[in-house]
1. Report P(r) for the stretch 12-134: all Cα-Cα distances, bin width 5 Å, range 0 to the bin holding the largest distance, values in whole percent.
2. Could you let me know the centre-to-centre spacing of the stretch 142-210 and the stretch 81-132, using Cα atoms, in angstrom?
3. Once amide H atoms are placed 1.01 Å from N in the peptide plane, what residues at a sequence separation of 5 or more from LEU173, or on another chain, have their amide H within under 5 Å of its amide H?
4. Nearest 10 degrees is fine. How inclined is helix 22-36 to the longest principal axis of the chain, computing both from alpha carbons?
5. Please work through the chain and write down the cysteines that have no neighbouring cysteine Cβ at a distance under 4.7 Å.
6. Ranking request for peptides 116-125, 52-61, 66-75: highest mean number of other beta-carbon atoms within 10 Å first, then the rest in descending order.
7. Can you tell me which of 157-168, 21-32 comes out highest on packing, and rank the rest after it, using the mean Cβ neighbours within 10 Å?
8. Add +1 for every Lys or Arg and -1 for every Asp or Glu among the other residues with Cβ under 15 Å from the Cβ of VAL111, and state the total.
Amino acid sequence: MEEHNHGHDAHTQVGDSHEMTSYEKRAGAILSLLTEKGVVASDEIWRAIDDMDSRTPALGAKVVARAWVDPEFKAQLLTDTKAALTELDVDIGSLNTVVALENTDKVHNVVVCTLCSCYPRTILGVPPDWYKSLSYRSRVVVDPRGVLREFGLELDPDVEVRVYDSTADIRYLVIPSRPAGTEAATEDELAGLVSRDSMIGVAMASAPGK
Ligand code: FE
């Protein structure tokens, strides 16, 4: 593969001792063709990788914390998610639609991609391995309460559980319930309570001090 000069160790090749898999060979061939034909410059590709690497659940946590403290923002997040995210400088990239789902005392939302691993990467970064596992993908739709219990989340029997199946076009962001005892917390402190798992719907936001 050709050289690229962005000075990042993360992108250096794995090394000569490593036998390339067929996927790596294919990706390398596609990259060479795209750059040879002038469709993209290799720099653009590394920039895009840097951009994806910079996306972490902290972005989503910032969005959730704002929704907790600002009812107008939350209303917009629930009705026009893309516009609300743009307001917080969270660019959803090429994603067509992101839908925010609010967890309440009565409704608990949980997100899956039954087909593969569709995930709001632009807001939450790289998905956890379990999200892509066949076990999670197949079981959470059949027995969501049982799967949530395995995550340590026991829901009240009168809470309605809604499972949302992500697609290439629609990604979901769960807004967990604001924990009790956080009335005096700052927005930054609140963001610190919002875990990745709580934004997928397999956990609650953390209680303060935990
Ligand atoms: Fe998928």
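Please treat every number below as a calculation from the coordinates, not as lab data. The structure displayed is predicted, hence computed values, not measured ones. Here Cβ is always computed from backbone atoms with ideal geometry, including for glycine, and neighbour counts include all displayed protein chains.
1. Final binned percentages: 2, 9, 14, 16, 18, 15, 10, 7, 5, 4, 1, 0.
2. Result: 12 Å between the Cα centres.
3. Sorted by chain and number, the residues that satisfy this are VAL99, ALA100, LEU101.
4. Here the helix axis deviates by roughly 70 degrees.
5. Those would be CYS116, since no other cysteine Cβ in the chain comes under 4.7 Å of theirs.
6. Details: 116-125: 19.7, 52-61: 17.7, 66-75: 16.0.
Descending mean neighbour count gives 116-125, 52-61, 66-75.
7. On the way: 157-168: 13.3, 21-32: 11.4.
With the highest mean Cβ count within 10 Å placed first, the list reads 157-168, 21-32.
8. Numbers: positive: ARG121, LYS132, ARG137, ARG139, ARG162, ARG171, ARG196; negative: GLU102, ASP165, ASP169, ASP197.
Charge balance near VAL111 sits at +3.
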